[in-house]
Amino acid sequence: MANPSELQNKPSDRDRQAGSEHTETLTATEARQGFRGRRVLIVLLGGIILAMLAWIPVEWWGNSMAPEQPQVQQTAPSPATNNAPAQPATQP
């Protein structure tokens, strides 16, 4: 892995395009734009841990405020689909 000071001494893309036709083949490590490091990992893991530490008390508080048995509202049964008035049977 190249040090940041070594990368600063290399010519930039503008310098390569402006003057010379020389193309340099870079390894995968040199071509990477950023460096992998423990700092980024520590920040990401720290953020996840802090989010979990904030979420747990909120869950406990929400569960303590919730009713024990949710109340179900009773609704009237829907009327029958055949709403035609009943006709009395007539006998001749």
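The values are calculated or read from the model by the stated rules, or taken from the named source; none is laboratory data. Because the structure is a prediction, the values reported are computed rather than measured. Because the Cβ atoms are built from the backbone with ideal geometry, glycine has one as well, and the counts that use them run over all protein chains shown.
Can you find a residue that is small (Gly, Ala, Ser) and at pLDDT 70 or above anywhere in segment 76-86? No, segment 76-86 contains no residue that is small (Gly, Ala, Ser) and at pLDDT 70 or above. Of all residues in segment 35-59, those that are surrounded by 10 or more Cβ atoms within 10 Å (Cβ to Cβ) and among the aromatic types (Phe, Trp, Tyr) have Cβ atoms under 9 Å from Cβ atoms of residues that are part of a helix (DSSP H, G or I) and modelled with pLDDT under 95, 6 or more apart or on another chain, in 35/4.
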